[in-house]
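Engineer: Sharing a structure here in structure tokens format.
The values are calculated or read from the model by the stated rules, or taken from the named source; none is laboratory data. Predicted model, so just to flag it, every value in this text is computed and none were measured. Every residue, glycine among them, receives a Cβ derived from its backbone with ideal geometry; neighbour counts consider all protein chains shown. Ligands, DNA and RNA are stripped out before the accessible areas are found, and what is left, the full protein with its side chains, is counted by its heavy atoms. Shrake-Rupley method; radii C 1.70, N 1.55, O 1.52, S 1.80 Å.
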Amino acid sequence: MTEKKQIRAIKGTRDILPPDSALWNWFERSAREVFETYGFRDIRLPIFEQTDLFARSIGADTDVVGKEMYTFEDRDDSSISLRPEATASVARAYIEHGMHTLPGNVKLYYMGPMFRRERPQKGRYRQFYQVGAEILGQSDAPAIDAEALEMLMVLFERVGLAQTKLYVNSIGCKDCRPKYVELLREELRNVKDKLGADSQRRIETNPLRVLDSKLPEEQSIIEELPRISDHLCEACRQHFATLQQELSLRGIAYEQNWRLVRGLDYYTRTTFEVTAAGLGSQNAVCGGGRYDGLVELLGGHPTKGIGFAIGTDRVILSLQEGEKRLSMPGLAVFVAWMNSATYPTAVKIARTLRDAGFSVELLPEEMKFKKSLGLADRLGARYVLIIGEDEVASGNFTLKRLSDREQKKFSDSALIEYLQLEGRGSGA
Ligand code: ATP
Ligand code: MG
């Protein structure tokens, strides 16, 4: 026999197996339910796009575009990339389908995989999953930001995410931010020698990102830097103040964090992040903010926008750290048949039970009764339906309850009625 090299999943990707997948599905279902009560509708987007879409929107100087994107040449020489996030695609779709003509604000949500070539570690993967929501339209009222945050926190509370903390900030607009960035750059140049290599480079490329630094030796320097809150223009200051009033009105706890700048170029004004328990240094479970210029930047009409993206992998990790488990829907009936003469009846009754909504296991090949009973036990079935020649002849089937080994005989219509009653009784 030749040795075959085992093929494994690519570094930074993982398989989500049962029973974990039940928790994933439940979280995604909860998000759909909550978002739909806020008037959001599902949008399904492509997983790859023209590279240019991300370069123009996220920004060529950002880590995401500069270092982390999976970009390749298609067979027609065009450059395409796996999406590192989905807001750019939502904006593209908004323009492409003329959604600016729709009444009111356009509220969309999406869920699916994103791809970034980062260093894999707990809570950081190369294929990871996001659940996101976007609101696009003509208004930039702070109430829109507040409602998005309310919806987000309602979802986290609904699923029982522990120790959530919401941080908010305003990073200004195209009028006040450039002045602040220049001021910050000047101050950073003065302390350049005390900064690490990454921050030194960012002084010229993207000084706001220095505020994001987690390097211990840079913290005291950063604390002394000018703060954006002191340099917002009147309109931005007012917007941020109203947002905070709106959050209080809705009873949403938050903390102001002047260093929250986000890594993507398209953000304006409101930015926010949510952290949760049990995640170590990768503790951000959601990031988002306002992106009023994005649609125009991509060639659309002037449009306001705000949105967020939840990192599903981290939400699940946090829930699991908190001992949250979901059992998979159990197997209700294991159909044990005896020989080829009883098989056609077994096929029919399995179908009838499945049509009635029961989870059924039907043996694909003949098996000794004792052995099949053992298998039913190991699969965690609640009942074994025994179909022997006597049963076929009489039209009455024997149902064995595995918890107490009790056996009863039923005609097929009585059988379904009984199982339905029993199911209700056990809460299944
Ligand atoms: P971080 O600072 O943790 O790198 P980010 O600012 O790059 O996050 P966003 O682009 O705002 O993250 O994405 C929103 C959310 O998506 C993050 O808060 C996080 O929960 C999740 N996320 C981002 N990158 C990854 C990744 N590589 N693996 C798993 N989850 C991720
Ligand atoms: Mg990142």
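Engineer: Would you kindly enumerate the cysteines in the chain that have no other Cys beta-carbon under 4.7 Å from their beta-carbon?
Structural biologist: Singleton cysteines: 173, 236, 286.
Engineer: So with the 1.4 Å probe, I'd like the accessible area per residue for the chain, rounded to whole Å².
Structural biologist: 51 Å²
Engineer: Then there is this: Which FRET efficiency value, to the nearest 0.05, is calculated for residue 14 and residue 234 with the Förster distance at 41 angstrom and r the Cβ-Cβ distance?
Structural biologist: Details: r = 49 Å, r/R0 = 1.18.
Taking R0 as 41 Å, the efficiency between residue 14 and residue 234 is 0.25.
Engineer: D for the range 224-296, whole µm²/s, Stokes-Einstein with Kirkwood Rh over alpha-carbon pairs at 10 °C and 1.306 mPa s: what number?
Structural biologist: 113 µm²/s
Engineer: Considering amide H positions built from the backbone, and no H for Pro or chain starts, which residues 5 or more places from residue 264, or on another chain, come under 5 Å of its amide H?
Structural biologist: Long-range HN contacts for residue 264: none found.
Engineer: Under 4 °C and 1.567 mPa s, how fast does the range 1-110 diffuse according to Stokes-Einstein, given a Kirkwood radius computed over C-alpha pairs? Answer in µm²/s, whole number. Let's see the in-between values first.
Structural biologist: On the way: Rh = 17.3 Å.
For the chosen part, D equals 75 µm²/s.
Engineer: On to the next question. Give me the one-decimal nm value for the distance between modelled label points at residue 301 and residue 21, 7 Å along each residue's Cα-to-Cβ direction.
Structural biologist: 4.3 nm
Engineer: Full extension from residue 28 to residue 359: what is 0.36 nm times the residue separation minus their Cα-Cα distance, to one decimal in nm?
Structural biologist: That pair, residue 28 and residue 359, stretches by 116.9 nm at full extension.
Engineer: On to the next question. What FRET efficiency would be calculated for the residue pair residue 141, residue 215, taking the C-beta separation as r and a Förster radius of 45 Å, to the nearest 0.05?
Structural biologist: 0.75
Engineer: Would you work out if the range 146-201 is rounded, prolate or oblate? Take a ≥ b ≥ c from the square roots of the eigenvalues of the alpha-carbon gyration tensor; rounded if a/c is under 1.5, else prolate when a/b is larger than b/c, oblate otherwise.
Structural biologist: Cα axes put the range 146-201 in the oblate bin.
Engineer: Given 67/122; 371/400; 348/400; 370/400; 107/174, which pairs have Cα atoms separated by over 22 Å?
Structural biologist: Details: 67/122 20 Å; 371/400 15 Å; 348/400 19 Å; 370/400 13 Å; 107/174 25 Å.
107/174, as the Cα separations exceed 22 Å there.
Engineer: Taking the alpha-carbon distance from residue 192 and a cut-off under 18 Å, which lysines remain once sequence neighbours fewer than 8 residues away in the same chain are dropped?
Structural biologist: 214
Engineer: Please give, to one decimal in nm, the separation of the simple spin-label points placed at residue 192 and residue 406, each 7 Å out from Cα toward the Cβ.
Structural biologist: If labels sit at residue 192 and residue 406, their model points lie 8.3 nm apart.
Engineer: If you add up the charges near residue 302, with Lys and Arg at +1 and Asp and Glu at -1, over every other residue whose beta carbon is less than 9 angstrom from its beta carbon, what do you get?
Structural biologist: It works out to a net charge of -1.
Engineer: What percentage of the solvent-accessible surface of the range 222-337, computed with a 1.4 Å probe over protein heavy atoms, is contributed by carbon and sulfur atoms?
Structural biologist: The computed percentage sits at 47.
Engineer: Restricting to bridges with both residues inside the range 294-414, how much of the DSSP beta-bridge set is antiparallel, in percent to the nearest 5?
Structural biologist: Just about 55 percent of them are antiparallel.
Engineer: I'd like the distance separating the alpha-carbon centroids of the range 210-250 and the range 1-66, in whole Å.
Structural biologist: Value for the Cα centre distance between the two parts: 31 Å.
Engineer: In deg cm²/dmol, rounded to 500, what helix-only [θ] at 222 nm does the chain give when every DSSP H run of at least 4 residues adds -39500 (n - 2.57) and the total is split over its residues?
Structural biologist: After summing the helix terms and dividing by residue count, I get -11500 deg cm²/dmol.
Engineer: Per Stokes-Einstein, at 20 °C and 1.002 mPa s, what whole-number D in µm² s⁻¹ belongs to the chain, with the Kirkwood radius over Cα pairs as the hydrodynamic radius?
Structural biologist: Once the numbers are plugged in, D ends up at 85 µm²/s.
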